[in-house]
1. Return the residues of region 73-94 that are more than 18 Å from residue 16 (Cα to Cα) and polar (S, T, N, Q); say none if nothing qualifies.
2. What residue, of 81, 39, is buried (at least 18 other Cβ atoms within 10 Å of the Cβ) and either aliphatic (A, V, I, L, M) or out of contact with any Cys (no Cβ under 9 Å at 6 or more places or on another chain) (or both)?
3. What's the total number of residues in region 41-91 that are under 15 Å from the mean Cα position of the chain (by Cα) and outside any strand (DSSP E or B)?
4. Consider residue 65 carefully, then state whether it is touching a Ser or Thr at 6+ places or on another chain (Cβ under 7 Å), under 18 Å from residue 98 (Cα atoms) and surrounded by 11 or more Cβ atoms within 10 Å (Cβ to Cβ).
5. Is it the case that region 3-10 has a residue that's basic (Lys, Arg), part of a loop (DSSP other than H, G, I, E, B) and closer than 19 Å to residue 99 by Cα?
6. Restrict the check to region 26-40 and report whether at least one residue is under 17 Å from the mean Cα position of the chain (by Cα), not aromatic (Phe, Trp, Tyr) and not in a strand (DSSP E or B).
7. Hey, can you tell me all the residues within region 96-106 that are modelled with pLDDT of 95 or more and part of a loop (DSSP other than H, G, I, E, B)?
Amino acid sequence: MTHDKAIDRLTFHSPINSEGSWGSRNLAKRAKSTMDLFMHKDGSASIEWCCDALNLVEHIGLVFEFDAKGKRTLTDYDGVMTLPKQAMDLLEKHGIDCAEMRKSLA
């Protein structure tokens, strides 16, 4: 699962918020976004999240734990305050376990 090009793309419509240590503010009630999933040679992955209408691009770094059979479990992320559920949907489509991350973000 190592690729220099995106291995998958998810396109969706959702609210877009700006988040920081100061809190959050809504930028759009419903905007079109795309998420491209990249798998890296070191076992990590990343998602490039774009919202063209708002001229926004976020790079989300993803870290996994591997079990003895090679199953990936998402353990950490970087680049956004809150990992969007759509990012986890995209990862789960590729067999990555996000159950604990979903619980911790709920």
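The values are calculated or read from the model by the stated rules, or taken from the named source; none is laboratory data. Note that this is a predicted model, so its numbers are computed, not measured. Because the Cβ atoms are built from the backbone with ideal geometry, glycine has one as well, and the counts that use them run over all protein chains shown.
1. 73, 75
2. On the way: 81 fails: buried (at least 18 other Cβ atoms within 10 Å of the Cβ).
None of the others qualify; the one that does is 39.
3. Selection size over region 41-91: 14.
4. yes
5. no
6. Within region 26-40, one or more residues are under 17 Å from the mean Cα position of the chain (by Cα), not aromatic (Phe, Trp, Tyr) and not in a strand (DSSP E or B).
7. Listed by number, the residues that qualify are 96, 98.
Residue-by-condition table, conditions (1) in contact with a His (Cβ under 7 Å, 6 or more places away or on another chain); (2) touching a residue at least 24 places away in the same chain (Cβ under 8 Å); (3) among the aromatic types (Phe, Trp, Tyr):
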position: 18; (1), (2), (3): no, no, no
position: 24; (1), (2), (3): no, yes, no
position: 30; (1), (2), (3): yes, no, no
position: 35; (1), (2), (3): no, yes, no
position: 50; (1), (2), (3): no, no, no
position: 53; (1), (2), (3): no, yes, no
position: 63; (1), (2), (3): no, no, no
position: 73; (1), (2), (3): no, yes, no
position: 78; (1), (2), (3): no, no, no
